[in-house]
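What follows is a set of notes on a single structure, which appears directly below.
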Amino acid sequence: MNDKNLMENLLLLEKGVCDLFLHGTIESGTENVHQAFQTALNASLNMQDSIYDEMTAKGWYPTQQVEQKKIDTVRQKFSAQSA
């Protein structure tokens, strides 16, 4: 397994962990449990961000720039729906 595959696997695993911790935070029945899940979620989100940053720096997570016109169109669409 090369470094790119390893980082992709780590990112996917970390995203899954974040999902579990998010649901644990939302569904927790006591403040202590809520705080434990929230602390774990924040740590996992930070780890996910670090992995993403490393992959982006190496060119392993390409992104596309969206035209401003498309952003404005979506913004207007959702602004009209919430009004």
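For this structure, a couple of remarks:
- Each residue, Lys69 and Asp53, gets one label point 7 Å from its Cα in the Cβ direction; the gap between the two is 3.5 nm.
- Between the residues Val74, Tyr61, Leu10, the greatest Cα displacement towards the positive end of the dipole of the chain, with unit charges on the Cβ of Lys, Arg, Asp and Glu, is found for Val74.
- Subtracting the Cα-Cα distance of His23 and Gln35 from 0.36 nm times their residue separation leaves 3.1 nm of extension gain.
- Solvent-accessible area per residue in the stretch 28-83 equals 83 Å², computed with a 1.4 angstrom probe and all protein chains kept.
- Within the accessible area of the chain, the carbon and sulfur atoms contribute 55%, probe 1.4 Å, all protein chains present.
- Estimated dipole of the chain in Debye, rounded to 20 [Cβ of Lys and Arg +1, of Asp and Glu -1, Cα centre]: 440 debye
- Between the labelled values (1) 13.5, 45; (2) 17.7, 51; (3) 12.1, 39, the entry that holds Rg and Dmax of the Cα atoms in Å as derived from this structure is (2).
- The chain, helix-only ellipticity at 222 nm - DSSP H runs n ≥ 4, -39,500 (n - 2.57), divided by all residues, nearest 500: -28000 deg cm²/dmol
The values are calculated or read from the model by the stated rules, or taken from the named source; none is laboratory data. Computed from a predicted model, the values in this text were never measured in an experiment. For neighbour counting, all protein chains shown are included, and Cβ atoms are generated from backbone atoms with ideal geometry for every residue, glycine included. Quick note on the areas: whole protein, heavy atoms, side chains included, nothing else; ligands and nucleic acids left out. Shrake-Rupley method; radii C 1.70, N 1.55, O 1.52, S 1.80 Å.
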